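The following block contains the structure, expressed as structure tokens.
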Amino acid sequence: MEKTIADIIAEIKETISVLSERVAALEACLPAGDVPETEALPAEDMPEAEAFAAEETVDIVEPLDIIDVFPASEPSLAAAPAGESVPEPEPVVPELAVFEPASAEPVESLGAINDIAAAKVKEAINDAYAADYAWKTDIPGSELRNILSGISLNDRILFINTLFGGDPESFQSTIAYLNEASSFAEATDYLSGRFPDWKLGSDTVYRFMMAVRRHLRS
């Protein structure tokens, strides 16, 4: 509990009263004439009392714990001998992780990939034309000098709509090329590259290819 100024002054007065009683007792024990003349100073006339009376309360401050301020685990700068400089601690530099990119395998160019894909498609088409379909094994009719002469009007309309996407010019140009081909193998190679979506086992393809075989028997 905090002490007020009044409490402190009361304690001082009580202390002075006790001391005065002891001084008086000692003086009674001394012979006459040996007692020095002293003039007691009233407590009210003490300048300290007037100074303390101006304050209402006094806060008692606890001293700081030096051990808490300077822990034993950390050396204090005050412990260094006079005249010796305290070395500054070296800065701690964190280690940076070195990024090593994974070894990348060589990537083929887009053109090379397209060439490979096109080669695979062509190989698959050639394999399809190499199968033993009936239009390759059946015996054709009489030989034709012009393939178009062996195709009826109804078949022409059927071939144009089914095999050539409704394009008469594509049909005419194909017949013109096949008429100039030197062999049936050349004809099938041309057709496999230009019309890869033909259903080679269908009746429409059979009738068209049999007309081509009548012109190209070998």
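The values are calculated or read from the model by the stated rules, or taken from the named source; none is laboratory data. Remember, predicted model here, so these are calculated numbers, not experimental data. In this analysis, Cβ positions are derived from the backbone assuming ideal geometry, glycine residues included, and neighbour counts consider all displayed protein chains.
Residue under question is GLU108, and the condition is that it be at pLDDT 65 or above, part of a loop (DSSP other than H, G, I, E, B) and either surrounded by fewer than 15 Cβ atoms within 10 Å (Cβ to Cβ) or over 60 Å from the mean Cα position of the chain (by Cα) (or both); does it hold?
Answer is no for this residue.
So, one more: Take ASN161 and tell me if it is more than 20 Å from HIS215 (Cα to Cα), in a helix (DSSP H, G or I) and not β-branched (Val, Ile, Thr).
Considered against the rule, which asks whether it is more than 20 Å from HIS215 (Cα to Cα), in a helix (DSSP H, G or I) and not β-branched (Val, Ile, Thr), ASN161 comes out as yes.
Also: Would you tally the residues in segment 169-199 being buried (at least 19 other Cβ atoms within 10 Å of the Cβ) and not in a helix (DSSP H, G or I)?
Qualifying residue count for the region: 1.
To continue, here is another question. Return the pair list, or none, for Cβ contacts closer than 6 Å from residues in segment 141-164 that are at negative phi and of a type in the set (Phe, Trp, Tyr) to residues that are surrounded by 16 or more Cβ atoms within 10 Å (Cβ to Cβ) and assigned to a helix (DSSP H, G or I), at least 6 apart or on different chains.
Pairs that qualify, where the first residue is at negative phi and of a type in the set (Phe, Trp, Tyr) and the partner is surrounded by 16 or more Cβ atoms within 10 Å (Cβ to Cβ) and assigned to a helix (DSSP H, G or I), are PHE159/PHE208; PHE164/PHE171.
Okay, moving on. When residues of segment 136-181 are filtered for being touching a Ser or Thr at 6+ places or on another chain (Cβ under 6 Å) and aromatic (Phe, Trp, Tyr), how many remain?
1
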